[in-house]
Amino acid sequence: MLRAAADAFPELPHVPHYLGWCRLYLGDLAGAKVAFVEHARTFPDYDDTQFALGVIAYDADRVADAERQFRRALALLDSQRGPPRERAKCLARLGDCALRRDDVAGAERDYRAALALWPDHHEAWAKLARVLDRTGRADEAAAARARQQSILDAAAKPSGGAAR
């Protein structure tokens, strides 16, 4: 049997993180949580693991826990000058938490803050549209949906190269 050298895979300590995402995408919330908690023990300041624990808590309808995790991930990203896109994802998820608590104004604030950081966040545009519908602003909701669709359309187009 062939074995890799101990240093052949420097990302080995992060395997639980990747396993957690695999389990989460397969719908195994309990298995995902185990993997992410294991990763967080070794890397407590890994923002994406904290974010993932928030997603798991949200999916399990533990909104207060989810909000705490998303805020922790956001604080880590802010302190590490994390990419605007990742910070926007946290803000959009905080909007989801606010909406779940029926705090429509808070949800709108968080979705708009997410979009200010990452204007191409199509999911945040869709969520903002739903909030605008709930607050009776149909024209603004339609504009938000149009923006979402334009982002999706642009993403579906082939990126350059010769036509075949």
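The values are calculated or read from the model by the stated rules, or taken from the named source; none is laboratory data. Keep in mind that this is a model prediction, so the values were computed, not measured. Cβ coordinates were reconstructed from backbone atoms using ideal geometry, including for glycine residues, and neighbour counts include every protein chain displayed. Surface areas here come from the heavy atoms of the whole protein model, side chains and all, with no ligands, DNA or RNA. Shrake-Rupley method; radii C 1.70, N 1.55, O 1.52, S 1.80 Å.
Considering region 115-154, the residues that are within 17 Å of ARG87 (Cα to Cα) and acidic (Asp, Glu) include one that is most open to solvent (accessible area, probe 1.4 Å), namely GLU123.
Considering (1) touching a residue at least 12 places away in the same chain (Cβ under 8 Å); (2) open to solvent by less than 60 Å² (accessible area, probe 1.4 Å); (3) out of contact with any helix residue (DSSP H, G or I) (no Cβ under 6 Å at 6 or more places or on another chain), say which one ARG112 fails and leave the rest. Every listed condition holds for ARG112 apart from (2).
Mind telling me which of the residues ASP78, ASP96, ASP61 ends up being open to solvent by 70 Å² or more (accessible area, probe 1.4 Å), of a type in the set (Asp, Glu), under 19 Å from ARG109 (Cα atoms) and out of contact with any strand residue (DSSP E or B) (no Cβ under 7 Å at 6 or more places or on another chain)?
Working: ASP96 fails: open to solvent by 70 Å² or more (accessible area, probe 1.4 Å); ASP61 fails: under 19 Å from ARG109 (Cα atoms).
Only one candidate qualifies: ASP78.
If we keep just the residues of region 100-109 that are in a helix (DSSP H, G or I) and open to solvent by 40 Å² or more (accessible area, probe 1.4 Å), which is nearest to GLY82 (Cα to Cα)? Before you say what the answer is, go through the steps one by one.
Initially, region 100-109 is screened for residues in a helix (DSSP H, G or I), giving 100, 104-109.
Filter once more, so that each one left must be open to solvent by 40 Å² or more (accessible area, probe 1.4 Å): 100, 105, 109.
Details: ARG100: 27, ALA105: 26, ARG109: 21 Å.
Applying the filter and picking the extreme gives ARG109.
Give region 21-30 a look and list any residue that's within 18 Å of ALA66 (Cβ to Cβ) and either in contact (Cβ under 8 Å) with a residue 60 or more places away in the chain or in a helix (DSSP H, G or I) (or both), or say none. Selection gives TRP21, ARG23, LEU24, TYR25, LEU29, ALA30. The single condition from (1) touching a residue at least 12 places away in the same chain (Cβ under 8 Å); (2) over 18 Å from ALA124 (Cβ atoms); (3) open to solvent by 50 Å² or more (accessible area, probe 1.4 Å); (4) assigned to a helix (DSSP H, G or I) that TYR18 fails is (1).
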